[in-house]
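Presented below is the structure to which this report refers.
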Amino acid sequence: MPITVKALQKTGPDQPFRVAQIERRDPRPDDVVIDIKAAGICHSDIHTIRNEWGEAHFPLTVGHEIAGVVEAVGSEVTGFSVGDRVGVGCLVDSCGECEECRADQEQNCLRGNVGTYDSEDVDGSITQGGYAEKVVVNQGFVLRIPDALDFDVAAPLLCAGITTYSPLATWNVSEGQKVAILGLGGLGHMGVQIAAAKGAEVTVLSRSLRKEQVAKELGASRVLSTTEEGFFEEHRGEFDLILNTISADIPVDAYMGLLKPRGVMTVVGLPPAAQPLHFGSVIRGGKVLSGSNIGGIAQTQEMLDFCAEHGLAARIEKVGLDEVDAAYDRVVAGDVHFRCVIDTTAFADAEVEA
Ligand code: NAP
Ligand code: ZN
């Protein structure tokens, strides 16, 4: 029997969130049923539900930063037991057989993985995300949340954490490297902490100096305002690596100019519009422009363990079920320090509005 749960749902991009009832699939033998304790708000949720990345499938529940407790397990589940502290990120299935899946790169599954929401599942249904009471997920896509991490501050690691950890690992960020984190939002504030924990000298590039003090608390050695006159000339050629987390249009060529010869810009921010790039800004200095998409499941576990070991976690603002629309506007305004997390335990007393 499918499981009926309460969830925050939108019926269209301009409609407010409402508490609705949605169905989770009848758990399969290798499924884990998770009682969700916290769900982070990623800017990707906003791009999706506002149809900025194309037409979303409505009615829709988003959310891919999920933390909770195992409530039930199928008969073939081996890795998890009732009561375990677990998380789910952006992926809930992949083919498991292609070259990429076999190399623990499920995010690049050649047959197309299944995203946690707004994605076609293997049974043809559209997946529904984590702004909900419970979720049913194949055990291969469930992560262990270390005891050192509370659910609220762990949830954002499932997307913001892995999305910044993975490229910093790919490019071997280490002791003494000059790393710039471009944009200090949900992703950026995890990028600062992880790069600093790896020993890099971290500079935050932000639109103003408003977040300077907290950026330094997170491990940055300095913050530069990108809107200051002469910024791009003054800081030409300074960085080994720029982790670009910006969700909106930016002058890519100008930012490439901030790199040293052979420097790398690794892009994770996905603004809706195409960003113009002149090849000259990559050719001169032999620079690298690379992209990175979340991370694989094994690396996501590695990231969670790394964060627990190094005392890293998200800085969050808790929001109630009726505050999510307002939180979206605040995220877009760059006004959140640094991730909003929905208190999903409030569903227990919430009335269904649909
Ligand atoms: P966020 O919390 O809104 O942070 C984005 C940051 O970008 C803001 O804090 C702001 O930094 C900067 N920014 C926003 N608007 C800007 C503008 N008009 N001009 C210049 N800078 C601007 O978002 P997030 O959740 O970290 O996500 C960031 C992006 O990454 C989104 O596009 C999201 O979809 C994408 N994403 C990609 C992946 C992936 O796998 N590649 C995974 C998750 C998310 P300052 O306030 O410091 O200037
Ligand atoms: Zn995300």
* To do: Please report, in Å, the Rg and the Dmax of the range 201-354, where both are computed over Cα atoms only.
  => 18.7, 60
* Charge tally in the Cβ shell below 14 Å around Ile126, where Lys, Arg are +1 and Asp, Glu are -1, Ile126 excluded -> -4
* Using a Förster distance of 45 Å, how high is the FRET efficiency between Asn108 and Glu351, based on the Cβ-Cβ distance and rounded to 0.05? -> 0.60
* Structure fact -> Measuring from the longest principal axis of the C-alpha atoms of the chain, the long axis of helix 186-197 (C-alpha) lies at a number of degrees, nearest 10, equal to 60
* Structure fact -> For the chain, the longest principal axis of the Cα atoms and the Cα long axis of helix 160-170 enclose an angle in degrees, to the nearest 10, of 50
* **Antiparallel DSSP beta bridges within the chain, percent to nearest 5** => 55
* To do: Please state the charge dipole magnitude for the range 1-102, taken about the Cα centre, from unit charges on C-beta atoms (+1 on K and R, -1 on D and E), reported in debye and rounded to the nearest 20.
  => 480
* To do: Please give the helix 297-310 orientation as an angle from the longest Cα principal axis of the chain, in degrees from 0 to 90, rounded to the nearest 10.
  => 70
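Local charge sum around Phe306 (other residues, Cβ-Cβ under 14 Å, Lys/Arg +1, Asp/Glu -1)?
-1
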* **Enclosed volume per residue, in Å³, of the convex hull spanned by Cα atoms of the chain** => 133
* Structure fact -> In the neighbourhood of Ala215 defined by beta carbon distances under 12 Å, the net charge of the other residues (Lys, Arg +1; Asp, Glu -1) is +3
* To do: On the protein heavy atoms, probe 1.4 angstrom, tell me the percent of accessible surface of the chain carried by carbon and sulfur.
  => 48
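Could you provide, to the nearest whole Å², the per residue accessible area of the chain with probe 1.4 Å?
42
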* Structure fact -> Surpassing 23 Å at the alpha-carbon level, of the pairs Lys211/Lys260; Lys10/Lys37; Lys216/Lys287, are Lys211/Lys260; Lys216/Lys287
* Using only C-alpha positions, report the orientation-averaged shadow area of the convex hull of the range 26-130, nm², one decimal. => 7.2
* Asked: Which distance in Å, rounded to a whole number, links the C-alpha centroids of the range 212-230 and the range 82-117?
  -> 35
* Structure fact -> From highest to lowest solvent-accessible area (probe 1.4 Å; ligands, DNA and RNA excluded), Lys6, Lys318 read Lys318, Lys6
* **Taking only Cα atoms of the range 302-342, radius of gyration then Dmax in Å** => 12.8, 35
* Using just the alpha carbons, could you tell me how many Å³ per residue the convex hull of the range 161-291 encloses? => 96
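The values are calculated or read from the model by the stated rules, or taken from the named source; none is laboratory data. Remember, predicted model here, so these are calculated numbers, not experimental data. In this analysis, Cβ positions are derived from the backbone assuming ideal geometry, glycine residues included, and neighbour counts consider all displayed protein chains. Heavy atoms of the whole protein, side chains included, go into the accessibility calculation; ligands, DNA and RNA do not. Shrake-Rupley method; radii C 1.70, N 1.55, O 1.52, S 1.80 Å.
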